[in-house]
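Quick one: this structure, given as structure tokens, is what I'll be asking you about.
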Amino acid sequence: MKRIFNVSTSVLPMMLAAAWAITCEAKEPAHFVPANVSKAGNIPYPASSLDAGVVTLSLDLDKTGQLTGVGILRDISSVSGPAAAAVRSWTYAPATLDGKPVASTLTINIVYDPGFLGADNIPLPPPSQVQPISTKDPAFFPAQLNTATFAPYPAKAKAQGAVVLNVTLDTNGNAANVATLRDVPPLTASATGALKNWNFSAATYEGKPIQSHIVVAFVFRSPSAPLP
């Protein structure tokens with residue numbers, strides 16, 4: 001009995017060490033929730049511009065959700081400046097890591113459509129720059145817009161302004177849900193319909209696909225608006 005007891009006590013530390021190693025390996029990965037837009041305002045279509053296409057902005061947010069910087073990843077010189085200025089008045093929710101707010105980035109894609117083009121499902125070229133890995137949280141890589149289309153201007157409509165949509169992307173980059181942040185009837189339905197033809201790549205955290213948000217704004221100019 002004494003010999004068995006001695007063997008057991010010598011094995012016990014090894015068993016405890018193995019159990020500790022298993023516990024460490026089983027520790028759940030960090031849970032990261034990307035930043036989001038809480039409230040969006042209008043984005044102007046400069047009266048002096050008839051340019052059409054997509055402007056992509058990268059927003060730096062601190063852990064309180066305050067905007068600290070705006071980068072232009074996809075540029076249309078006549079409208080990018082007003083777009084960057086407009087999003088500074090929006091309200092944002094910060095990213096969280098294991099339930100605690102952290103600084104991060106958020107991508108906003110803005111489509112400018114003069115309306116009189118009569119464009120429907122016209123493919124847009126890919127962004128001239130790729131969204132960089134976040135400098136705020138290097139483990140986070142935002143979702144990417146791969147292809148996009150214009151939203152057709154509804155027949156007989158006279159409205160204009162920015163329809164802002166909050167798109168929830170699943171881990172495959174598919175639009176799982178589309179919520180309206182700024183509604184401009186009847187343009188909202190056209191904008192939401194156009195998103196069905198868009199293609200995204202999912203966001204990643206530590207190299208693994210995650211659910212995320214990407215904000216898309218369709219800025220319409222009425223066909224009846226005066227030309228510059």
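The values are calculated or read from the model by the stated rules, or taken from the named source; none is laboratory data. Just so we're clear, the structure is a prediction, and the values are computed from it rather than from any experiment. Don't worry about glycine lacking a Cβ; one is built from the backbone with ideal geometry, like all the others, and counts go over all protein chains shown. Surface accessibility is based on the protein's heavy atoms, side chains included, excluding ligands, DNA and RNA. Shrake-Rupley method; radii C 1.70, N 1.55, O 1.52, S 1.80 Å.
Within the group V79, V70, V111, which residue is in contact with a Phe, Trp or Tyr (Cβ under 6 Å, 6 or more places away or on another chain), modelled with pLDDT of 85 or more and part of a strand (DSSP E or B)? Let's see the steps before the verdict.
On the way: V79 fails: part of a strand (DSSP E or B); V70 fails: in contact with a Phe, Trp or Tyr (Cβ under 6 Å, 6 or more places away or on another chain).
Just a single option satisfies the conditions, and that option is V111.
Under 21 Å from A191 (Cβ atoms) and either at pLDDT 85 or above or open to solvent by less than 50 Å² (accessible area, probe 1.4 Å) (or both): does that describe L97? Lay out the reasoning, then the answer.
On the way: under 21 Å from A191 (Cβ atoms): no; either at pLDDT 85 or above or open to solvent by less than 50 Å² (accessible area, probe 1.4 Å) (or both): yes.
Against the criterion (under 21 Å from A191 (Cβ atoms) and either at pLDDT 85 or above or open to solvent by less than 50 Å² (accessible area, probe 1.4 Å) (or both)), L97 does not qualify.
So, in the stretch 161-190, exactly how many residues are surrounded by fewer than 18 Cβ atoms within 10 Å (Cβ to Cβ) and over 15 Å from T107 (Cβ atoms)?
Of the residues in the stretch 161-190, 13 are surrounded by fewer than 18 Cβ atoms within 10 Å (Cβ to Cβ) and over 15 Å from T107 (Cβ atoms).
What tally of residues in the stretch 89-100 results from selecting those that are in a strand (DSSP E or B), within 20 Å of A143 (Cα to Cα) and of a type outside the set (S, T, N, Q)?
4
Let me ask another. If A30 passes every condition in (1) touching a residue at least 40 places away in the same chain (Cβ under 8 Å); (2) surrounded by 14 or more Cβ atoms within 10 Å (Cβ to Cβ); (3) over 23 Å from R221 (Cβ atoms); (4) not polar (S, T, N, Q) but one, which one does it miss?
Every condition holds for A30 apart from (2).
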